[in-house]
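Every read-out reported here was derived from the displayed coordinates using simple, explicitly stated rules and does not represent laboratory data. This one's a predicted model, so the numbers in the text were calculated from it and none came from an experiment. Glycine also receives a Cβ, built like all others from the backbone with ideal geometry; neighbour counts cover every protein chain displayed.
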Amino acid sequence: AQSVTQPDIHITVSEGASLELRCNYSYGATPYLFWYVQSPGQGLQLLLKYFSGDTLVQGIKGFEAEFKRSQSSFNLRKPSVHWSDAAEYFCAVGSQGNLIFGKGTKLSVKP
Amino acid sequence: DAGVIQSPRHEVTEMGQEVTLRCKPISGHDYLFWYRQTMMRGLELLIYFNNNVPIDDSGMPEDRFSAKMPNASFSTLKIQPSEPRDSAVYFCASSLLGFGQGRGNEQFFGPGTRLTVL
């Protein structure tokens, strides 16, 4: 069965530091992969997506993610975190007609 | 476009009452999804529609939950009777296409309805 694992429940980084959020998926075919961000009290906003082609995808707000088939991973990165990046981040894989979400990683940013 | 619209944003009700959540998808989107988000279970897909037809309702927890999509611009999720364990944030999302159909299949989420059942 398809699944998504985000091993880190909560991460704290200093403002200006680099960030990497981990995501591993289980899927039989070529996956459709997504990262969403949810600010407190808000809905989910799409950061970026991977369907095919270049395995390094660029998203909004300076985020990027790299698809690594051999590791079944789709980690999210940002070179320099801003205080406004504090939110919860969800990785998802497209399956049939819907999305399967990971449990999310909450990001806190220290001044 | 105004995005996906959900109402109400907050709902507080008493156990046993009927609750109706509403969603207006983005115009032209053929797919509509209902999700529930809780601390314990994260984001769960309840049901999704394609062209107003329910495709997969395997995530609907019990017969107390029902969803309808009478036309392309409106959907409801009803809980009758409601119970305290139904307290959660309910999200509606829509997408232009489904998976395997190209690049228009990312889902756009509404702001959610926070439901509290006392």
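Distance between the pseudo-spin-label points of A:SER80 and B:GLN80 (7 Å out from Cα toward the beta carbon): 5.7 nm. Spacing of the modelled spin labels on B:VAL53 and A:LEU46, each 7 Å from Cα toward Cβ, amounts to 2.4 nm. In this rough spin-label picture, where each label sits 7 Å from Cα along the Cβ direction, the A:LYS61-B:GLU14 distance is 4.1 nm.
Along its principal axes, chain A has C-alpha extents of 42, 28, 22 angstrom, given from the largest down. Can you tell which of B:ALA88, B:GLY16, B:GLY3 lies farthest toward the positive end of the dipole of the range B:1-96, using +1 and -1 charges on the Cβ of basic and acidic side chains (Lys, Arg; Asp, Glu)? Going by the charge dipole, the pick is B:GLY3. Normalising the average separation of contacting C-alpha pairs (under 8 angstrom, six or more residues apart) by the number of residues puts the relative contact order of the range A:1-110 at 38 percent.
Pairs spanning more than 19 Å between alpha-carbon atoms, out of A:LYS49/A:LYS110; A:LYS103/B:LYS78; A:LYS78/A:LYS110: A:LYS49/A:LYS110; A:LYS103/B:LYS78. The calculated pair-distance distribution of the range A:59-109 uses every alpha carbon pair, bins of 5 angstrom beginning at 0, and gives 5, 16, 23, 27, 17, 9, 3, 0 percent. Working from Cα pairs under 8 Å separated by at least six residues, relative contact order for chain B is 36 percent. Largest GNM mean-square fluctuation among A:ASN75, A:ASN98, A:ASN24, using chain A with Cα springs under 10 Å: A:ASN98. Across the protein assembly as shown the C-alpha pair distances fall into 5 Å bins from zero in the proportions 1, 7, 14, 18, 19, 16, 12, 7, 4, 1, 0 percent. Take the convex hull of the alpha carbons in chain B; its mean projected area over all directions comes to 7.0 nm². Calculated FRET efficiency, B:ALA2 to A:THR12, Cβ-Cβ distance, R0 = 30 Å: about 0.25 to the nearest 0.05. Within the straight-line cut-off of under 17 Å between alpha carbons, the aspartates and glutamates reachable from B:LYS68 are B:GLU18, B:ASP30, B:ASP56, B:ASP57, sequence neighbours fewer than 8 places apart in one chain being disregarded.
B:ILE47 sits among other residues whose Cβ lies under 14 Å from its own Cβ, and their net charge, with Lys and Arg +1 and Asp and Glu -1, is -1. Starting from the Cα of B:LYS24, draw a straight line to each of the aspartates and glutamates and keep only those under 18 Å, dropping any in the same chain fewer than 8 residues away. Excluding near neighbours in sequence, the set is B:ASP1, B:GLU11, B:GLU106. The simple Förster model, with R0 at 30 Å and r as the Cβ-Cβ distance, assigns B:SER73 and B:GLU44 a FRET efficiency of 0.75. For the range A:3-66, the average shadow cast by the Cα convex hull is 5.4 nm², which is a quarter of the hull's surface.
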